[in-house]
Structure formats: C-alpha cells, structure tokens
Amino acid sequence: MGAAKQTMLVRVGKDTDCPTSLLEFPKQDVDPGEAVTIRVWAPDPALLTGLRLDAGLTSLGTGSPNVWPGQTTCKYFDFEGDNEAQRFDYPVTGVSRVIAFSPLYGISDAGGITTLAPAGADITGLFHRRGYACLVPAAGLPKLYGTVHAVGVRAPYCREWAWTSPADPRGAQWFFLWEDGELTHRFSLTLSEDPDDTSICFTDIKIRVIDRRTAGAVLGANVVLGGVSVGQTDQRYGFVKVFRHLSGTFPIVVTKAGYTASNADSYTDNDRITIPPAGGEVRVKIGGYA
C-alpha cells in the first residue's frame, strides 16, 4: 500500500489560533492491518475529559489517559514582518530556548533596518508563549524578518485510542471526535489502493528512527542496513541519509544505549525495511511499551 495521507488537527477553543489541546494522528506510512495510536494532548488532564472517538460507525470509546513527562518539541518559524503568533505542533507549557537560525532583522516604522541578532544567537528573551501552543514576539519589537529555531516543553497529558487499519481498505477511513456529546472534528486517513511499484533501482532515502512509546525522534542511533553500517541518526531530526541504495526489502538493525537492539526486542515490525523505488523516508521504531 502507498503512503497514508495524515494530518495534525486543532481542537477548537476560545483561541483557535493558539489552542489548549491538539489532536495527533501519527505521521507515518500505515499498512493494511497495522495498529496505530491516536492521541489528544493537553496541559491539564481536565481538558481531556468528555472525549469520544469514532472510526466510521464504530466507537473507539473514551480512550485511555496517559502521561509522558519530559518531552520537548522543536520547530523552525519564519517571520516575514507580520510578528504574528506561530504555532507549535504540540501544546507546550513553556518555551525553553529560541535561537536565531538565520540573522534576525528588524524594520522600524520609519523604514530603518537593523540586525537584532546574528545567526546562532540566543534570543529567548525576545519571545514568549501565548496560550499553550504559540510562540509570539515580545511587545515593542520592530517588524521581524528571519528564521528562528524554538524549543518548547511539551504538555505531558494525553488521551490515547488504538485503531487497526482494515486488512482490505476501500478509500478514505473517516474518524469523528466528540466532546461532551458535540461533534468537534472530522478527519480521514486514506490508504492508496494502487499496486506497489516492484521495480528495482538505485535511490536515495532517509532512515528516521522513532521512539515507539513517544513517537519522538531518536538522535545518535547506529543504523546497519543489509549488514552494512550507514552511520548514526543526526542530532537534530533523528535520521541518517543513505544515497544510491537499491530499492527492495532489507534487514535493518538499530542500536542505541538505553534501548534494546531492534533485532533483539519482541517486535518484528522493525526487523526489515522496504525501500521504495521512488526513495523518500523510511521509519524504524525502537523501544517498547511499559
């Protein structure tokens, strides 16, 4: 099956631009019969009560509460003179660091251009959090131009639903999220029914290593593909690039201190990967559920 079309959705609240909770649908390829986890995240467990998720006409129930402390979320934000609030992909309880990824310029009302910070400078003090999802420039700053890299402390509370994709899917799979009996969101997952491309060719891929429990990127993991070391996942995004590799299915072993080797754990979905002729990104899960 081809790649699934997935999205991250926002639960409507008093401030829809900077909401208090966000719904996460895992951004990964979903195969027929594969189990996935759907989560709603919030800074307070009280915001996660009264929820119900339906998959079509089948109720998945109210979900299970869970807590994942100690996680962060990182994102690049581009400012183009509007100084508008920019949203993280997850609710955050604080902003721990903001770095100028490019030089950060300011333009005054009179049209004067100044360099507020060179690339690499810590500019955390120029920004603050709005609501539980947004990064906002401090009041009084000139119009900002440039790219910043922000690190937020992720809200730890979530409600989780398990769903298994159909073994023989037909088109879009629709989900409906209810809050206190009111339908607040509709979203779908589409699995392609086109036949797989089975041609063999050299292609370029990214192998991204994901923590099975948290869905976060695993940095500095050693990756061995088809018996050959292809390096470590990078320290920012958790992937290693592989160039000019044959498409097809190959054994893979991922190791990192603190994790059981991927070929020695109790899971079989991470023992081999399939590299499509078109290349792209392939994900490998390590770790396990407590």
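The values are calculated or read from the model by the stated rules, or taken from the named source; none is laboratory data. Everything quoted here is computed from the prediction, not taken from an experiment. Note that we place each Cβ from the backbone using ideal geometry, even for glycine, and neighbour counts take in every protein chain shown. SASA here: full protein model, heavy atoms, side chains in, ligands and nucleic acids out. Shrake-Rupley method; radii C 1.70, N 1.55, O 1.52, S 1.80 Å.
Overview of results
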quantity	calculated
Amide hydrogen neighbours beyond the local backbone of residue 260, cut-off 5 Å, H modeled	287
log10 of Debye I(q)/I(0), alpha-carbon scatterers only, for the range 202-286 at 0.23 Å⁻¹	-1.13
Sequence-separation-based contact order of the chain, relative, with Cα cut under 8 Å and 6+ spacing, percent	19
Exposed GluC sites (Glu not before Pro) absent: longest stretch of the chain, with sites in DSSP loops and at most 15 other Cβ within 10 Å deemed exposed	85-192
Solvent accessible area, Å² - residue 113, 1.4 Å probe, full protein context	120
Cα-based equivalent ellipsoid of the range 69-197: semi-axis lengths in Å, sorted from largest, via gyration tensor	39, 19, 15
Unpaired by the 4.7 Å Cβ criterion, cysteines found in the chain	74, 158, 201
Cα radius of gyration and Dmax for the range 70-125 (Å)	13.1, 44
Rounded accessible area per residue of the chain, 1.4 Å, Å²	51
Lysine pair count for the chain [Cα-Cα under 16 Å; pairs on different chains or 8 or more apart]	7
Table column - 3J(HN,Hα) (Hz), the range 65-81, Karplus curve with 6.51, -1.76, 1.60, x for Gly and Pro	x, 8, 9, 10, x, x, 9, 10, 9, 10, 7, 8, 10, 9, 9, 10, x
Sequence of 64, 188 when ordered by accessible area, the most exposed leading, probe 1.4 angstrom	64, 188
For residue 271, solvent-accessible area (1.4 Å; no DNA, RNA or ligand), Å²	50
Potential extension, residue 110-residue 265 segment - 0.36 nm per residue separation minus Cα distance	49.5 nm
Whole-percent carbon and sulfur share, accessible surface of the chain, 1.4 Å	52
Principal axis dimensions, the chain - Cα atoms, whole angstrom, descending	61, 50, 37
Under Karplus coefficients 6.51, -1.76 and 1.60, residue-wise ³J(HN,Hα) of the range 140-151 in Hz, glycine/proline x	x, 6, x, 5, 8, 9, x, 10, 10, 10, 10, 10
